[in-house]
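Colleague: Take a look at the following structure, please.
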Amino acid sequence: MTDRPDPQPRVPQPHVLVVDDAVTVRAYTRQVLEADGFQVDEAVNGIDGLEHALSSTPDLLIVDINMQKMDGYTMLRRLRQERSLRDVPAIMISTESKDSDREKALLAGANWYFVKPVRPADLTAAARLLTGREGRS
Amino acid sequence: MSALFEQFVLESRELLEAAGAALLRLERDPTETAAVNDLFRALHTLKGATALFDMAPFTRMVHAGEDALMAVRDGRAVMNGDLADRLLDLLDIGTAWIDGLEHSQSLPDDADTRARAQEAGLRAALGGSAESMDGGTPAGFTWVDELPEAERAKAAGRTVTAIAYDPAEDCFFAGDDPLDLCRRIPDLLLLRVETAGAWPTLTDLDPYRCALRFRALSGAPKDELTRLFRSVPDQVSLATVAIPAPSAPVPLAAPPSLATAMLREQARILGLPGSDAETAARRPAVLRAVRNILAAEGRNADAPPLDRAADGPADALIRCIESLADGPAAAAPAAPAAPPLQARRTLRVDAERMDRLMTLVGELVVAKGSLPYLAREAQQGRNADALAQGIKEANGRIDSIVGDLQDAVLRLRLLPLSRVFDPLPRLVRDTARRLGKPVELHLSGGETEADKDILDILGEPLLHLVRNALDHGVETPERRRAAGKPDVATLRVHAFQDSGGVVVEVSDDGAGIDAAAVRRKAVAQGALSAEQAAALSDTEALRLILLPGLSTSDSVSDLSGRGVGMDAVRGAVEQAGGRVEIASAPGVGTRFRLVLPLTMMVTRLVTVETAGALYGFPVTLVTGMQRFPHGAIRRMKHAESVVVQDTVVPLLRLRRLLNLPEDERERSGESVLLVDLGGQPVALVVDAFRERAEVVLKPMTGLLARLRGYAGTAVLGDGSLLLALNLRELV
């Protein structure tokens, strides 16, 4: 179900912004999402992420927690103060698996929390749901 | 709704509340037998009440709670946080059901599933400590695990009692009837009849000896089955086992589980703690996420209920999303929010107060009776002096009764503060548990009364202060230990009445607020210059956290310990004509004090005269009235000030604030009203002081409503018009 782009040309490809300081993670996430028909943009830390988000207004954010310059929590909190971005759904991904970490992510403004590593199918399924994309094949 | 049903709703609410309170007491002190008994009694009564109506799931759920308590009472289980969580959850569901029953008179469609889930959860919580070890299947019951899926389908996902009955060979001679016993097993979910050993050859078969054994699963609790098999205790063994849910669930295919989990998570996000600003900031993304999930699932038909709840109160929205998570188009998605609100509008009035009102109305009718008599006298040309005397007497009587009436009506609206205190124990418990900070809550003064409107306004700020105190004021146990404080923090909420009105204090023994940090933050944010900040006293600096710009910033709360949404607290309190006071000592604790007027219907004003007109200021804001000789007024360039109790206070002139002509008359000094503008003392020059007045303030309407600086108008007893000023808008 993940090996073919969405066949309906009428629907614009949902735009996902991936914010992570690890280049491998970004590449992996991009590959998984692009294979499922998403359009992917990357940012390397919270500040970079805010700038990208402000200029392109993505449909979904996938945000790492531990990043230099500005961490994911701070970025999401700032983002939720921004009129144009406050309603953009966000997934947080981290290696931390404690309940308290999940709680902190949700408190900061995330809509969903994944513990790394995320299976491709889970990631695309979550992205499809949060962007409202139909057509599970 | 029948009277009986109405009574049931009323009683159930009270029982659920009583149970909740007892449960919190019990969790604090697990040895408090009285609390166990109170709780048990409340649930038992509730169970009995539900059994009167056709609501088996409700009865079932409450019964499970009762069972759990019985285990606690008998020492078979310990009341711990998890069990308390489950029981609180049960009470919450019960409350939601009662709300639903009140308007639809039926339980939600998923009631049975939820009741069973509660039941299983409670049994599991108990089973862990009392029955089986580690929740695994007890020894001798491995056959339960080996049952084919089809056979145990009825019991799937439930915690049930497994029965292994091996009748003795000679049981028939003892008068036993094994098959009949098995038939009488209540809530029988599965019955297997097996051979007890190798089947004997036909020639050896003795029909008077039992060669069979029985394996069964029942939904009934173990105790009940022990009773059933009491005649053959040596031949039967019972165990509580959890039957796993089928691995491949309902024909809805795989992904819905993720969608459901995500929807549930969105509901949970809305319920997360935080200031109003924080919770409001999380809402838009949640709404969009829920809409998108519904769209992705092709459930666009479910969007309207969400849209209806989108701008409403958080709890209604949470319920709405939860019901969406429960499945497509739940049976009755409409009108989840309205009825409870309506219920809240009703006011329970003390019968005694109602009686007093009736008595006064009776007196008024009698007093009024003298008026037609006086009118007749006047027509007959009676002496004017005697007539005037009669009118004055009648007026005096009516006046006194009307005064009493006003007082009696106000009293009808007075309610004890315990109404806003009630949610606090639960809030503190949940928040403290979540934050891992043990906290003891001391509530006092709940019997203090205040006007219903004041209570409505007080609720939110109070929750806010309590949350803030737990979140930012109280330190972690490690830090408390390091500071030489007891691990368990103390949070006090205390209410009392003083001359000005109702006072509510929220104090903690936490880290306190660092005034220096607040100053730094204010300077960093550009709210003040470094010099201005340095000139502030510590008390004044603390008040900076009430500023909107400063308080909504996240970092100040991390830094100084407080601040998020404090401007909202101040806003609400001041809107009601009250004020907020802060006292804090680093390392010792913080005390917030909300001073509120007793009622909003009648406003107590200090009236003054200026340029021939009357103006009023709320008594709660006025700290003093004083006359200053001209010499005591200092002038620096255009600014004037006076010294009050060793503090330099800016002096303003009401005439200038209102753009009225200057006072040309010669006078020896100035009449000065001392006003507290949210921590900022101000001296205000007026022409003359007048008496205090209690007035019913009417807000400005029409075009006048847009005028800044006026709180409203009132007509005084002599017919003159008074303008109540909102100084904060004028200064």
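The values are calculated or read from the model by the stated rules, or taken from the named source; none is laboratory data. It should be emphasised that the depicted structure is a prediction, and the values quoted were computed from it without experimental measurement. A quick note on method: Cβ atoms are made from the backbone with ideal geometry, for glycine too, and the neighbour counts reach across all protein chains shown. Heads up: the accessible areas ignore ligands, DNA and RNA and are worked out on the full protein's heavy atoms, side chains in. Shrake-Rupley method; radii C 1.70, N 1.55, O 1.52, S 1.80 Å.
Colleague: Do we have any residue at all in segment B:165-183 that's under 49 Å from the mean Cα position of the chain (by Cα), not assigned by TED's automatic domain parsing to the domain that holds residue B:63 and not in a helix (DSSP H, G or I)?
Modeller: No - not one qualifying residue is present in segment B:165-183.
Colleague: From (1) open to solvent by 50 Å² or more (accessible area, probe 1.4 Å); (2) within 14 Å of chain A (Cβ to nearest Cβ); (3) modelled with pLDDT of 85 or more, pick out the condition that doesn't hold for residue B:359.
Modeller: Residue B:359 satisfies every listed condition except (2).
Colleague: Which residue, of B:453, B:471, B:430, B:514, is under 29 Å from residue B:622 (Cβ atoms) and open to solvent by 50 Å² or more (accessible area, probe 1.4 Å)? First the steps, then the outcome.
Modeller: Working: B:471 fails: under 29 Å from residue B:622 (Cβ atoms); B:430 fails: under 29 Å from residue B:622 (Cβ atoms); B:514 fails: under 29 Å from residue B:622 (Cβ atoms).
Result of the check over B:453, B:471, B:430, B:514: B:453.
Colleague: Within segment B:38-51, count every residue that is in contact (Cβ under 8 Å) with a residue 24 or more places away in the chain and either open to solvent by 50 Å² or more (accessible area, probe 1.4 Å) or closer than 12 Å to residue B:73 by Cα (or both).
Modeller: Looking only at that region, the number is 3.
Colleague: Just checking, which of B:603, B:610 is open to solvent by less than 20 Å² (accessible area, probe 1.4 Å), under 26 Å from residue B:721 (Cβ atoms) and not acidic (Asp, Glu)?
Modeller: B:610
Colleague: Please indicate, with yes or no, whether at least one residue in segment B:93-111 is among the polar types (S, T, N, Q), within 23 Å of residue B:158 (Cβ to Cβ), in contact (Cβ under 8 Å) with a residue 24 or more places away in the chain and crowded, with 16+ Cβ neighbours inside 10 Å.
Modeller: For segment B:93-111, residues among the polar types (S, T, N, Q), within 23 Å of residue B:158 (Cβ to Cβ), in contact (Cβ under 8 Å) with a residue 24 or more places away in the chain and crowded, with 16+ Cβ neighbours inside 10 Å: absent.
Colleague: Looking at residue A:51 and the list (1) at pLDDT 90 or above; (2) part of a loop (DSSP other than H, G, I, E, B), which single condition is not satisfied?
Modeller: Condition not satisfied by residue A:51: (2).
Colleague: A further question on this structure: Within segment B:260-299, restricting attention to residues that are at the interface with chain A (Cβ under 9 Å from one of its Cβ atoms) and charged (D, E, K, R), which residue is farthest from residue A:101 (Cα to Cα)?
Modeller: It comes out as B:297.
Colleague: Regarding segment B:7-17, can at least one residue be identified that is within 30 Å of residue B:437 (Cβ to Cβ) and open to solvent by 50 Å² or more (accessible area, probe 1.4 Å)? Let's see the steps before the verdict.
Modeller: Of the residues in segment B:7-17, the ones within 30 Å of residue B:437 (Cβ to Cβ) are B:16-17.
Applying the additional criterion that residues be open to solvent by 50 Å² or more (accessible area, probe 1.4 Å) yields B:17.
Checking segment B:7-17: at least one residue is within 30 Å of residue B:437 (Cβ to Cβ) and open to solvent by 50 Å² or more (accessible area, probe 1.4 Å).
Residue-by-condition table, conditions (1) at pLDDT below 90; (2) part of a loop (DSSP other than H, G, I, E, B):
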| residue | (1), (2) |
| --- | --- |
| B:599 | yes, yes |
| B:605 | yes, no |
| B:614 | no, no |
| B:628 | no, no |
| B:649 | no, no |
| B:652 | no, no |
| B:667 | yes, yes |
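Colleague: Do you know which of the residues in segment A:91-108 that are away from chain B (no Cβ under 11 Å) and open to solvent by 50 Å² or more (accessible area, probe 1.4 Å) is nearest to residue A:30 (Cα to Cα)?
Modeller: Checking each candidate, the answer is A:95.
Colleague: Of everything in segment B:220-238, what is under 22 Å from residue B:67 (Cα atoms) and open to solvent by less than 10 Å² (accessible area, probe 1.4 Å)? Give them in sequence order.
Modeller: Within segment B:220-238, B:220, B:225, B:229 qualify.
Colleague: For the structure I just gave you, tell me whether residue B:217 is open to solvent by less than 20 Å² (accessible area, probe 1.4 Å), touching a helix residue (DSSP H, G or I) at 6+ places or on another chain (Cβ under 9 Å) and either modelled with pLDDT under 85 or within 14 Å of chain A (Cβ to nearest Cβ) (or both).
Modeller: No: the conditions fail for residue B:217.
Colleague: Any chance segment A:109-130 includes a residue that's assigned to a strand (DSSP E or B) and surrounded by fewer than 17 Cβ atoms within 10 Å (Cβ to Cβ)?
Modeller: Residues of segment A:109-130 that are assigned to a strand (DSSP E or B), as a first pass: A:112-115.
From what is left, the residues that are surrounded by fewer than 17 Cβ atoms within 10 Å (Cβ to Cβ) are A:115.
Yes, the conditions are met somewhere in segment A:109-130.
Colleague: So, one more: Look through B:48, B:20 and report the one residue that is closer than 23 Å to residue B:319 by Cα and in a helix (DSSP H, G or I). Before you say what the answer is, go through the steps one by one.
Modeller: Working: B:48 fails: closer than 23 Å to residue B:319 by Cα.
Exactly one residue qualifies, and that residue is B:20.
Colleague: Additional query: Check segment A:68-83 and report whether any residue there is farther than 21 Å from residue B:266 by Cβ and away from chain B (no Cβ under 14 Å).
Modeller: Looking through segment A:68-83, at least one residue is farther than 21 Å from residue B:266 by Cβ and away from chain B (no Cβ under 14 Å).
Colleague: State whether the residues of segment B:250-262 include one that is modelled with pLDDT of 90 or more and not assigned by TED's automatic domain parsing to the domain that holds residue B:435.
Modeller: yes
Colleague: While we're looking at this one, here's another question. Consider residue B:693 carefully, then state whether it is touching a Leu at 6+ places or on another chain (Cβ under 6 Å), closer than 13 Å to residue B:618 by Cα, open to solvent by less than 90 Å² (accessible area, probe 1.4 Å) and not β-branched (Val, Ile, Thr). If you could, list the steps in order and put the result at the bottom.
Modeller: Working: touching a Leu at 6+ places or on another chain (Cβ under 6 Å): yes; closer than 13 Å to residue B:618 by Cα: yes; open to solvent by less than 90 Å² (accessible area, probe 1.4 Å): yes; not β-branched (Val, Ile, Thr): yes.
In short, yes.
Colleague: Any residue at all in segment B:477-495 that's open to solvent by less than 40 Å² (accessible area, probe 1.4 Å) and either assigned by TED's automatic domain parsing to the domain that holds residue B:29 or part of a helix (DSSP H, G or I) (or both)?
Modeller: Taking every residue of segment B:477-495 in turn, at least one turns out to be open to solvent by less than 40 Å² (accessible area, probe 1.4 Å) and either assigned by TED's automatic domain parsing to the domain that holds residue B:29 or part of a helix (DSSP H, G or I) (or both).
Colleague: So residue A:34 clears everything in (1) within 13 Å of chain B (Cβ to nearest Cβ); (2) in a helix (DSSP H, G or I); (3) surrounded by fewer than 17 Cβ atoms within 10 Å (Cβ to Cβ) except one condition, right? Which one?
Modeller: Just one mismatch for residue A:34, condition (1).
Colleague: On the basis of being within 14 Å of chain B (Cβ to nearest Cβ) and in contact with an Asp or Glu (Cβ under 6 Å, 6 or more places away or on another chain), does residue A:57 make the cut?
Modeller: Spelling it out, it is not the case that residue A:57 is within 14 Å of chain B (Cβ to nearest Cβ) and in contact with an Asp or Glu (Cβ under 6 Å, 6 or more places away or on another chain).
Colleague: Anything in segment B:143-173 that is among the β-branched types (Val, Ile, Thr), touching a helix residue (DSSP H, G or I) at 6+ places or on another chain (Cβ under 7 Å) and within 30 Å of residue B:207 (Cα to Cα)? List them, or say none.
Modeller: B:163 - this is the single residue of segment B:143-173 that is among the β-branched types (Val, Ile, Thr), touching a helix residue (DSSP H, G or I) at 6+ places or on another chain (Cβ under 7 Å) and within 30 Å of residue B:207 (Cα to Cα).
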